[in-house]
Each structure stands twice: as structure tokens, then as C-alpha cells.
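Worksheet for the structure shown next.
The values are calculated or read from the model by the stated rules, or taken from the named source; none is laboratory data. Worth saying up front: this structure is predicted, and the values here are computed from it rather than measured. Don't worry about glycine lacking a Cβ; one is built from the backbone with ideal geometry, like all the others, and counts go over all protein chains shown. What goes into the accessible areas is simple: the full protein's heavy atoms, side chains included, and nothing from ligands, DNA or RNA. Shrake-Rupley method; radii C 1.70, N 1.55, O 1.52, S 1.80 Å.
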Amino acid sequence: MSEDILLIVIKVAVLIVILLTVVAYTVYVERRIMARMQSRIGPNRVGPFGLLQPLADILKLIFKEDLTPAGADKVTYFLAPALAAITGLAAFAVIPFGNTIDLFGIKVNLFIADINVGLLYLFAMSSLAVYGIVLAGWSSNNKYSLLGGVRSSAQMISYELPLGLALVSVVLAAGSLSLGDIVKAQANLWFIVQQPLSFVIYFICAIAETNRAPFDLPEAETELIAGYHTEYSSLKWALFFLAEYMAVITVSATAVTIFFGGWQGPFLPGWLWFVIKLSGFIFFFTWMRATLPRLRFDQLMRLGWKVLLPLAALNLVVIAGLVAAMGG
Amino acid sequence: MTASTRHPADTIPTPPGVTLEPGPDDKLILSMGPHHPSTHGVLRLILELDGEIVVHATPDIGFLHTGIEKTAEGLTYQQVITVTDRMDYLAPLSNNLGYALAVEKLLGVEAPPRAQVIRVILAELQRVSSHLVWLGTQGMDLGAISVFLYALREREKLLDIFELCSGARMMASYFWVGGLLRDVPPQFEGAVRKILADFPARFDEYERMLTHNPIFLERTQGLGILSKEEAISLGVGGAILRGSGVDWDLRRDMPYSGYEQYAFDVPLGARGDVYERYLLRVREMRQSLRIVKQALDRLPEGPVRISDRKIMPPPRAELATSMEALIHHFKLFTEGFKPPPGEAYQGIESPKGEFGVMVVSDGTAKPVRAHFRGPSFVNLQSLAQMVRGRYIADVVACIASIDIVLGEVDR
Amino acid sequence: MSVVTALRETFGEAIGLDLEFRGQLIVWIEQPAQIAAVCSFLRDDPRFQYRYLSDLSAIDRLTMEQESLPTGHDPAEMTGARRFVVNYQLLSMTHKQRLWLKVGLGAEAPSLPSVTPVWTTADFLEREVYDLMGIAFEGHPDLRRILLPDDWAGHPLRKDYPPAYEEVQFSHNFERIEKQRKYARR
């Protein structure tokens, strides 16, 4: 038993290190790709091809002065970035990023916990993340932050619903809430082929969930300076940054797990397939950011409530009907 | 709220009658600017918000006031050219042109034909370059960041041309009273022809990114509408005026600098919204290239400075041999020329609207009064009208569509 | 009928000298109180349709060389009764014509009616003139400083408001600077 716990602790530690590195290099890759798309060069000075740039950025952030605005609600102001980052990291615990592998004679499952309500847990974590943002906006004592926080909470709540409905239709087809089971259910046919509409709805909502372009309203720098993190600096700001990119990776990983067969794929090892699929998503996020203008707040709400939600509900009914008809 | 808990921006004194404390009906008062990423400089707006909806917007300007008109009173007529550069710093050559034409009107002289054609070429390229910055910032303010970088990439090419001619990329001071600083170098024609060949495809590229983009349409259509009557009464100019359906372009209707010799269309809109202004400016850029092409094809040979030695200094080479030339040179650069007493107003179609210059002379070497009517300054007045009842995000889109340059607003 | 004739017919005594200089039609309005009425007439009269106000500015004639004045500037009134001149640049888009109206104002508390009811654009322009030249516009909805801070003292474009530096005196500008010297800051 203690061996199991030790294994889990090691896995958690390793995963966190990997994730933080992945986040840092996601930023690097994003900057390089964006630069290519915008006929720029991007970071290429620190280390070969600028590969040490993320490290330099982190060091810079550590040494920056940590400011707390006068009149800020100090405790909340301090807790908000931690809350955002922790939920972002914790969500990854249930995502299977590879098949079981043999390591030094021990069978290691490449996920932290395959809990039977994995999907629900994922939801819970992404819903909690909004608190980090709202509290940051509230406690900063800045009107821009407040507006950013309000926008963000409205946006996340509105998009949680269609997102959930889109995933429930997958759950119906797979017959399980466990992410491991959902992956296994796609051994023959990915759910993207089976339920393309669910995927489209999920993906649009996921972009909105993560506050990325074209739905990056809460931190729209041309309107609200930097939205909820206007007043944050140094490591606290870095935590928000981490949370945002963690969220991107999490929703991408979820999309891979639920619609693209997870770690499954021919020839290559499972974890490599997972990484390849994930990279595809991250590239897509970057591509959109470089291309699309931003929606307005009311337009975003309209899209969520008047288009996506009814569509998701309809989709669910149809899928449920099909599942029942096929003798599920 | 005690003083210590206020946001730093709130400590800037507000104009009388405007307060940053919540009003009796609990409206949120937001001080947007003077350091805000999308107020295009140091514009400050005091927004009265109901949620995210703007109830009232009060522009607060003057943060970049440098007293250009007072400065001009202490400079000779030729020296004033350099301060005109610093008003609309995105279109310094247009400012040069307006001022040079006004003083030439006062003097009763006209620049030589070659100088006039070069002025037209450069003024039109300047219009393209100014519109490119507008296009980029309009895109960026709506979140389409790539357009900004593309537009500035192209603008660099235009700045290279200005550098080729004048030695300066932005503050060119190239159009002098009575002609040009110097003739264009031999590479000029090739460089401009290259731009004429390259740019239309680039404009297509921007249009592909924005013109039919559903998000862009959603964000800009039906926003910031000015009716024809409002536009005229507000005195707005350029694409804002024409976007509202007023068919007016000084280049065509009250031609100066030989614009009557060129064939070009004046794009006209009807809806008067932000999207219409976008379409018009993109079409204007294409028309400008059309003018440049015609001008380049007919570029005459000849001097670029008038021969009147009382106004324009003699060529450098003459100074070594002619006593008279030396005296003229010395007098012009120590004292300057003296226009006859009188006053002149000249309006030109700058990229942003009517750029007007009024010069008053009492017969001395310095203007008694030089007044500049900046189109941005006048156009800015329309903002309050455009954004009433709209969202904060719309404020940003409207500011961008007015295309203000704070150097010119504050002067 | 020319615009000047029509103006004289309608406003009589209020219309002063008219002249043409370098192709610009300049009309002096003798009674400042009439300016809003004149502008509104010019805007609405179907014969002229000066519907667009291009520019509104002011001149301070305090130090102008008296012997060499632009036509229409009366030397006797330079510093006293008509020290300031307010200029209105009207534009008729229908006839593609400009009209330059000029109003002379006295040195003491100069003021004249606002044309904001005629053209909305006069709002900022009048505030600018008020701010920099110290001319008040009666009936302006929001007459306060626009470019300078609200607690600024003086009106910088006035000739008795000295620049922050003193010009070097040469023989060619000796007299002008001598004349300005008394306004220099001590």
C-alpha cells in the first residue's frame, strides 16, 4: 500500500515538473509560431533558437517587484492567483496520457488517478478556476480588473452548460464517466467521427472557458488593459499566466482524450501519440489567436445562450435517441 | 473611498463638473486613459458606465499640448515647417504640404511643376502610410493582432521612400515654402514603382483577413453611426464624412497642387458606421496608388525650387562664385523671407480630413499667427455621439475608426 | 446675388468691410453680437449653403507692425477696441466656396455669441480659442479650458503672454523685440 502511495507521489511530482516545462515551452512555441505568422522572428536570442527564453522569462518574473495595490483586499489578492494555478494543475490528474507501461518491473499507469467520475471532476476543477479570476478582479481594487472579473465569470458560467451537454453525449455513447474507459471505448472509432457536432460545440466552449482568442474578453488588452490581472506583477502574475496555459493544455488534452482516441494510435508509443495530438490543438489555438478579431461581450453571451446551448441540447437528445435505438 | 484607496489614475485632476465618484444612480465612472493601450496616445476618456454600457463619454485632452502655434510665432516661415511635422506625426508630409501651400498663397507664388508633382506623389504615399497605421490599429483594437504587423511591415517600405527623399523617416520636413528641400534621388522612381507593383496584392491580403470575417463584421457593422447632417454639423472630415454619405473631397472639389490633373474616384459610403469607414479607407489607399502612378508617369523635368532668391536659397554651388548668392543665402538663413502683410487660409485633404492652415503676416519674417486646424481634433468631437449607449468594447472600435493622432489633437 | 450683397441687405450696418485677398473672400462683421445670426443665415440660406464650418480661430494684434497691416486691419483700433480678431472659415460644399468672416473684439474681457447652436463642431474650436486666447463665447454649453490644465494662469497665444525664452536682438528685429520686452516675465 505504501508503495502505491510512493508511486503516486512520484508520479505527481514528475507530472508537475513535466507540465510546468510543457507550459513554459507552449509559450515559447506559441510565440515562435505567432511570429512566423506575423512575419516576425520571435524569441531567438537566449540559447540556441531561443530555447532558453522560457527560463529567462521565469527568472525575470521571479526578480520583478511584487506589487500589491493600496486598498486591495490583501488575503484574497494573494489567494486568487494560487487558486487559479492549483485548479489548473489539479484538473490534469485524471487525464490519461498513455497506456500502462512497464518501468523497472512495476506496472505504471500513465495517469494519476482514474476515478470513475473523472469527467465530473474535470468539470469541477474548471468551474473552480473561475473563482481565481473573479476574486482577482474583485480584490485588486481596480475598475478594469473588476470589469474583467465580471466578464470572466459571466463567460465561464454561460459556456459551462453547452460544454457539459456536449460531453454528456459522449458519456452516453461510452457508457462511463471515467476518462480511461472513454479512451478504451474509442479503440475502433474515435468519437470525433461518431459525434462531430459534439466536438465542435465542445471546442468552441473550451476556447471560451480558457479565455483565449477570439473569446479573450476578460483580459482584452485593448479594452480592459489586462482585465483581471491588471494589478498583478511578478510571480503572482506568472501564476495567472501558468493557469491560462494550463487551461489550454487541459482542454486540449480533454479534447484528445474524449474525441481523438486519447493515447491510442498505431506504431508509435501511446504517450507520443498523445503529445502529437495535443500539439495539434495547441497549434490551432495559436493560429486562431493570430488570425481572429475578438467578439464583443454581448455577442459572446448571445452565441453561448442562443446558439450553442440549444444546439448542444438538441445534439444530446439525438445522441440519446440513437444510443437507445441501438440497444444501449 | 478615502484618498489612499483610490486608483492612481483617479488622482489626475478631473475637469470641473466631472467627478470620478459614483453618481447618485450608482453609475461606474471609469477613467480610460491617458495611458491606455487603445486610446492611441494620451487621450483620456471619462466614461460613465451602467454595467458595461457607456452612458456618457467626456474626452479630456491636452496631455500632449506642446504649444506649436505659439512656437510657430517665434520661428521664421521656413522654420515653422519642422514643427508642422510634429502635429500629425503619422502624416507629416501632409502637414508640410498644407503649411507650404498656405504660405505660398500668402506670398502669391507657386511651386515649380516638378515640385508639385513630387508633392502629390509623396502626399499620396503618406496617405497610404497613414491609412496603414489606422488599418493596423483598427485591427489590433478589435483583437486581430496580425493585421497590425502586416500593415506596419508595408508602412516601413513607405518610410524607406521618405527617407530616400528627405533623410528622415517620419519628421521629413521635405516640402518647403516654394518647392522642395531638394530633388528626389535617381532611385526614387524605381522604389515607387516597386510599391505600386507590390501593394495592391497586400491590400487584398488585409481584406481577406477582415472584409468578410464574420467576427469583424459583427463588431463593426451598425456601430458608431453618424447621419449625413450630424457629420456636416460636427465638421468631421475624411472617411468619416464620406462614410456618412457626404460626397466631399478637397482634392477633387477645391483642387490644390495640381490635383485637378489626375483621374481618381472618391469612394463614397452611405451607412456611416465603422465598417463603412473601414471599406472607404481601404478603397482610398487603392485610389492613392492610382494617383501616384499617374503622377509618376508624367513627372516633368525641371527645378524643384522657385527661382525667387528672396524666398528660396540659391543652389549650394553658386555660393562659391557669386557674392549675391552668398548674401541671399545669409539673409534667408539668419532673417528669413518677409511675405507681404496679409492672411491666408489653406485647407488640404489630409488622410484624416481637412487640414487647415491660417497664416497671418504683418510684413515681418515671422508669422504673427499660425493656426492649424487639425482634423483629428475636430473629428474627436464625434466620439461622444458615437459611443453613447454602446459597450466599452465599442468605444475602442470607435476611437480607432475616427483615426485620431494625439499630436494633432493637442498640438 | 453675391453673398456680400445679400449679407448687407439682411444685416445692414452689421456688415463691415469686404475684400478679396489671394482669391479669398473676407468679410468683416462690425457687430460681434450679430455673428451667430449671420452664421445661421449663411448656413440656411438656399442660395449660399455654408453648411460646414472649417475653422474657427483668433488673432491677437497687439504687437503687429502698425505701418504694414493687412488690409482691413485699422491701425487706430489695433490695441484698444479691436485688439482681437475672431476668424470663421465657412465652407459651402454645394458651391465649392469658402467665406472668411472676421469679427474684431476689444481688449477688455472680449466676448461674443457662440456659434455652437449653428454648428456642433464649434464646441471644441471655441473652447480652444477660449483656452489659448481668452475670448469668451456666450451661450457655449461647456466653456472651459480644453488643452491646458484647468488651473493654468493666462492665455498663451496672447501677445502679452511671453514665451519662456528671450529672442536675441539683431538690427532687423530690434524694434519688434523692444516692443515685446515690456511683456516679458520678470
Report summary line: Mean-square fluctuation maximum in Gaussian network of chain A, Cα pairs under 10 Å, restricted to A:LEU268, A:LEU135, A:LEU239, hits A:LEU268
Query raised in the report: GNM, chain A, Cα, under 10 Å: largest mean-square fluctuation among A:VAL130, A:VAL317, A:VAL251?
Result: A:VAL317
Query raised in the report: If the cut-off is 13 Å between C-alpha atoms, which aspartates and glutamates fall inside it for B:LYS338, apart from same-chain ones fewer than 8 positions away?
Result: B:GLU104, B:ASP308, B:ASP362, C:GLU65
Query raised in the report: Under DSSP H, which helices of chain A have Cα atoms covering 20 Å or more of the helix axis and a Kyte-Doolittle average no less than 0.0?
Result: A:2-37, A:74-91, A:118-139, A:143-174, A:234-259, A:270-291, A:309-325
Query raised in the report: Which whole number gives the average count of other chain Cβ atoms within 10 Å of the Cβ atoms across peptide C:170-178?
Result: 2
Query raised in the report: How long, wide and thick is chain B, going by the Cα atoms along their three principal axes, in whole angstroms, largest first?
Result: 78, 47, 37
Query raised in the report: On alpha-carbon atoms, Rg over Rh for the protein assembly as shown using Kirkwood Rh?
Result: 1.06
**Report entry** Neighbouring partner chain Cβ atoms per residue of B:361-369, average, 10 Å criterion
**Finding:** 6
Query - Neighbouring partner chain Cβ atoms per residue of C:21-30, average, 10 Å criterion - result: 3
Query raised in the report: Could you state the number of Å between the C-alpha centres of region A:156-226 and region B:276-329?
Result: 62 Å
Query - For region A:50-204, size of Cβ-based charge dipole, Lys and Arg +1, Asp and Glu -1, in debye - result: 200 debye
Report summary line: Distance in Å, no decimals, from the C-alpha centre of region B:105-153 to the one of region A:237-297 is 42 Å
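Only loop residues by DSSP count here, and only those with at most 10 other Cβ atoms within 10 Å; note down the GluC sites (Glu not before Pro) in region A:1-85 that meet that.
Passing sites in region A:1-85 are A:GLU65.
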Query raised in the report: With a sphere of radius 11 Å drawn around the Cβ of B:GLY407, what net charge do the other residues whose Cβ falls strictly inside it have (Lys, Arg +1; Asp, Glu -1)?
Result: -2
Report summary line: Carbon and sulfur atoms account, in whole percent of the 1.4 Å probe accessible area of chain B, for 57 percent
Query raised in the report: At the nearest 100 Å², what buried accessible area, both sides summed, do you get for B and C when the probe is 1.4 Å?
Result: 4600 Å²
Requested in this report: Provide A:SER140, B:SER307 ordered by accessible surface of protein heavy atoms (probe 1.4 Å), highest first.
Outcome: B:SER307, A:SER140
Query raised in the report: Expressed as a whole percentage, what fraction of the accessible surface of region A:172-328 belongs to carbon and sulfur atoms when a 1.4 Å probe is rolled over the protein heavy atoms?
Result: 75 percent
Report summary line: Highest GNM mean-square fluctuation among B:LEU125, B:LEU164, B:LEU47, for chain B with Cα springs under 10 Å, belongs to B:LEU164
**Report entry** Under 24 Å from the Cα of A:LYS11 - lysines, other chains or at least 8 residues apart
**Finding:** A:LYS107, A:LYS184, A:LYS277
Query raised in the report: Over 28 Å between Cα atoms, which of B:LYS70/C:LYS179; B:LYS331/C:LYS102; B:LYS228/C:LYS159; A:LYS236/A:LYS306; A:LYS60/B:LYS27 qualify?
Result: B:LYS331/C:LYS102; B:LYS228/C:LYS159; A:LYS236/A:LYS306; A:LYS60/B:LYS27
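For the A and B pair, go ahead and give the buried accessible area with a 1.4 Å probe, both sides summed, in Å² to 100.
In total, chains A and B hide about 3000 Å² from solvent.
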Query raised in the report: In Å, what Rg and Dmax follow from the Cα atoms of region A:67-325?
Result: 18.9, 63
Query raised in the report: Which residue, chosen from A:LEU295, A:MET125, A:PHE267, occupies the Cα position most advanced towards the positive end of the dipole of region A:67-325, where the dipole is computed from +1 (Lys, Arg) and -1 (Asp, Glu) charges on Cβ about the Cα centre?
Result: A:LEU295
Requested in this report: Roll a 1.4 Å probe over the protein chains and send me the accessible area per residue for region A:67-325 in Å².
Outcome: 38 Å²
Query raised in the report: How much mean residue ellipticity at 222 nm does chain B get from its helices, if each DSSP H run of length 4 or more adds -39500 (n - 2.57) and you divide by all residues, to the nearest 500 deg cm²/dmol?
Result: -14500 deg cm²/dmol
Report summary line: What one gets for region A:207-313 as the Kirkwood radius, inverse of mean 1/r over different Cα pairs in Å, is 15.7 Å
